[in-house]
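J.: Before I ask anything, let me first share the structure, which is written out below as structure tokens.
The values are calculated or read from the model by the stated rules, or taken from the named source; none is laboratory data. In this text the structure is predicted, and so the values were computed from the model without any measurement. For neighbour counting, all protein chains shown are included, and Cβ atoms are generated from backbone atoms with ideal geometry for every residue, glycine included. Just the protein is used for accessible areas: all its heavy atoms, side chains included, with ligands, DNA and RNA removed. Shrake-Rupley method; radii C 1.70, N 1.55, O 1.52, S 1.80 Å.
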Amino acid sequence: MRGAILRRLDERGIVLPTVIFVLVVMSVMVVAALLTADDEGRSARAMRESGAAFYAAEAGLHEVYAGWDSIPGIDTLAPGTEIALEWRSLTGGGRYQATVHRWDDGAQPMYQLEVMGRGPGSFSGARILSLALTSGPGGPGSGYKLGECCEAPVTVRGGVNIEDDTGIDGHDTHPPGWGDECTNELEDKPGIVMKDTTRLVAEDNSWIDGEPPIAQNTDLDDVTWEQFGDLSWDSLSEMAEKVFHDGTFRPNPSTKWVDGVEVCNTSDPLNLGSPDPTHPCFDYFPVVLISDDVTFEYGYGQGIFVLAWDEATQQGSEFDLERDLTVNGVILGKGCVEPEENSRFYGGILVDGNYRNLHLCNSDLDYDMNDGDATVQWSTCAVDRAIVNSGLDEWAEVTNPGDAGGVQPLGMRSFGEIIQ
């Protein structure tokens, strides 16, 4: 009897610890539930505020991009430097800070616009959005170059003979009638650049002017006339829209009517553009191949004029500008150029006369100005318009990027995001 009573007392003794254990477990579960609920609340809040930070960064990205031209110092931002703007608050409590980095080497501007956004709360962290931008050249005044063309009205390897009453002028000038079409600041060049200035023959009444009038460039070599920037000689020749082979021609603009509209008749073999800004052919600058002995007289022509070259026979071409002719644009290649008889040229000439075709130009001189009052005049606007409108700007280098107005996203992979 006594044993049974003790067993019942022992059984009653485990109830209290069990109850206490259950209470502890339940307390832990309640605390865990409360903490989990708090964490979920904090997490939801953090996600909400992180989203606010993203939208603050996105708003800042659009706002700075839209007001690009008003960023202090953006026009003079040097390559390898940056501009950090002040934090800006947004309606709703968000804020952002923008930084503009310039990464290019001084040619066509390349920028990274980086914007950090923060939400209004303490859990927002930061979201950073970036956009790669470029400020492309804007046509005339951008200072386009195709290799060594063009750093002067005349750049030559070989001899030069300038006869009476003829001249070369490196002072930048807009072609007649183009004033409203040329917005660039005038940039003077040397009058003539030669590999060997001792091969210059200038008669008493001839003249050369520029900054300086005569300059020497001993680096002019075969590659100068085989590669024009990113464009090879063969590729450039294949782009020729028109070919002139032996003979005398009088280029003049022509139009035709299409559906009641007067348009430039580019199929006319003698149509090489117009100097009149109101004419349908004003922006027509064909790539023209000059083969063998070609003379242009009277009239007007504009474009990229390429002197053909036969590697097998080592024969270049002769291009004569005569009798009140005006030509605007670029002349380049192996051979010789003879501006004469009151002709006018605006733009840049790059020619190599070191060839063994002595019947051309009456000698091996690659540049011969004679027979009265011919002028070769440097014109940045003429060179730029020729390169842009002929479609060669894709391969050209820009030397005068100008201001940063009109930036555009650099490409499909120009957008990036960082979460902090």
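J.: With a ≥ b ≥ c taken as the square roots of the eigenvalues of the C-alpha gyration tensor of region 164-252, please select rounded if a/c is under 1.5 and otherwise prolate if a/b is larger than b/c or oblate if it is not?
T.: Rounded is the answer for region 164-252, as its axis ratio a/c remains below 1.5.
J.: What is the percent carbon and sulfur in the accessible area of region 296-355, measuring with a 1.4 Å probe over the protein chains and ignoring ligands?
T.: 37 percent
J.: With both partners inside region 274-338, how many of the DSSP beta bridges are antiparallel, as a percent to the nearest 5?
T.: 5 percent
J.: Please give the per residue accessible area of region 164-315, computed with a probe of 1.4 Å over protein heavy atoms only, in Å².
T.: It amounts to 50 Å² per residue over region 164-315.
J.: Quick one: of LYS189/LYS334; LYS145/LYS334; LYS145/LYS242; LYS189/LYS242, which pairs are farther than 20 Å apart, Cα to Cα?
T.: Going by Cα-Cα distance, LYS189/LYS334; LYS145/LYS242; LYS189/LYS242 fall outside the 20 Å limit.
J.: Taking 0.36 nm per intervening residue step and subtracting the Cα-Cα distance, what contour gain separates GLU185 from GLN314 on full extension?
T.: 42.4 nm
J.: Starting with the highest mean, order 300-312, 330-342 by the number of other Cβ atoms within 10 Å, averaged over the residues of each peptide.
T.: Result, highest mean first: 330-342, 300-312.
J.: Once the other residues with Cβ under 13 Å from the Cβ of ASP246 are scored (Lys, Arg +1; Asp, Glu -1), what is the net sum?
T.: Its environment carries a net charge of -4.
J.: Expected output is a single nm value to one decimal: the length gained when fully extending between GLU226 and ILE83, i.e. 0.36 nm times separation in residues minus the C-alpha distance. What is it?
T.: Stretched fully, the GLU226-ILE83 segment lengthens by 47.4 nm.
J.: Oh, and also: At 0.36 nm per residue, minus the direct Cα-Cα distance, what do ASP283 and ASP104 gain on full extension? Give it in nm, one decimal, please.
T.: Stretched fully, the ASP283-ASP104 segment lengthens by 61.4 nm.
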